1. Only one of (1) assigned to a loop (DSSP other than H, G, I, E, B); (2) closer than 27 Å to Ile135 by Cα is not met by Ser47, so which one is it?
2. Identify, by number, the condition in (1) under 29 Å from His92 (Cβ atoms); (2) buried (at least 16 other Cβ atoms within 10 Å of the Cβ); (3) hydrophobic (A, V, I, L, M, F, W, C); (4) over 13 Å from the mean Cα position of the chain (by Cα) that Ala168 doesn't meet.
3. What do you reckon, is His40 surrounded by 13 or more Cβ atoms within 10 Å (Cβ to Cβ) and not in a helix (DSSP H, G or I)?
4. Considering only the range 1-27, state which residues are assigned to a loop (DSSP other than H, G, I, E, B) and among the charged types (D, E, K, R).
5. Look at the range 120-155 and say how many of its residues are touching a His at 6+ places or on another chain (Cβ under 6 Å) and within 30 Å of Ala31 (Cβ to Cβ).
6. Can you tell me which of Tyr127, Tyr118 is modelled with pLDDT under 95, closer than 18 Å to Met1 by Cα, buried (at least 20 other Cβ atoms within 10 Å of the Cβ) and in contact with a Pro (Cβ under 7 Å, 6 or more places away or on another chain)?
7. Being closer than 19 Å to Ser165 by Cβ, crowded, with 17+ Cβ neighbours inside 10 Å and modelled with pLDDT of 95 or more is true for just one of Trp89, Trp64. Which residue is that?
8. Pairs only if they're at least six apart or on different chains, beta carbon under 8 angstrom, first in the range 21-38 and at positive phi, second outside any loop (DSSP other than H, G, I, E, B); list them, first residue then second.
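The values are calculated or read from the model by the stated rules, or taken from the named source; none is laboratory data. A quick note: this is a predicted structure, and the numbers were derived from the prediction, not measured. We place every Cβ from the backbone using ideal geometry, glycine too, and count neighbours over all the protein chains shown.
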Amino acid sequence: MILNLVETDDRKIYVGTDFHLGHQQKFVYEARGFGCVRDHDEAIIASVNARVRPNDILIFLGDWCLNTKMEQFDAYLDAVKCQNIYALWGNHNNPHEKAVYYNGIGRKFVEGILVETYPFRYKNMLYLPSYVEAILNGQYCILQHYPIMVWNHMKNGAWMLCGHSHGAYEPTSANYPEGKILDCNWDDFGKPLSLPEIRAIMDKKKIVGAGHHQPDEPVEPKKE
């Protein structure tokens with residue numbers, strides 16, 4: 001599928017990933033500077049609500065929460081003002097999958113094969129597949145929780161927006177110059193990123209190719 005979204009004054013687009021709300025591990029919440037899970041969760045939700053308005057779009061690249069029951073999952077969604085959370089699957093999908101299975105929408109097993117139908121909505125979260133190609137305000141993007149180092153249209157300047165590594169994988173960091181790929185994680189940025197903020201980072205990165213898919217060499221103007 002190709003997702004085509006255009007910003008307006010009343011609807012801006014933001015990208016975030018790996019909130020890990022409810023994650024009861026010190027290597028998550030203490031590493032982020034919090035003394036307990038509750039403070040961690042409240043700070044992340046506050047960071048979202050401070051930037052993303054109810055009518056805006058938050059593209060979320062996986063790992064919204066874990067260690068939570070359905071009641072807590074619902075409470076997290078209710079606490080976020082944004083009514084347009086476009087969510088991709090990550091590697092921590094509980095209780096997302098329960099919300100979907102219990103309501104009989106989107107995902108089900110048919111003769112042992114997981115069958116998925118997109119998009120589908122649960123509360124203010126609109127679920128998308130695990131891999132999405134998107135045009136965001138005219139910019140071609142590849143969206144996925146996991147970073148991939150060879151992506152469609154990379155030689156033409158397409159962005160690869162991902163998560164999963166929490167800023168710990170250098171090739172997806174903001175300061176890595178080779179390739180227009182970015183981990184949009186909360187650990188590094190402390191907020192969902194706007195498209196202009198992402199562009200400012202990507203403009204400093206070099207377009208690269210892979211194998212026989214290489215950027216076209218610039219054509220020198222003919223001399224008269």
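1. Of everything listed in (1) assigned to a loop (DSSP other than H, G, I, E, B); (2) closer than 27 Å to Ile135 by Cα, Ser47 misses just condition (1).
2. Ala168 satisfies every listed condition except (2).
3. No: the conditions fail for His40.
4. Correct list: Glu7, Asp9, Asp10, Lys12, Asp18.
5. Within the range 120-155, residues that are touching a His at 6+ places or on another chain (Cβ under 6 Å) and within 30 Å of Ala31 (Cβ to Cβ) number 2.
6. Tyr127
7. None of the other options fit; the residue is Trp64.
8. Gly22/Val37; Gly22/Asp41; Gly22/Cys65; Gly22/Gln72; Gly22/Tyr76
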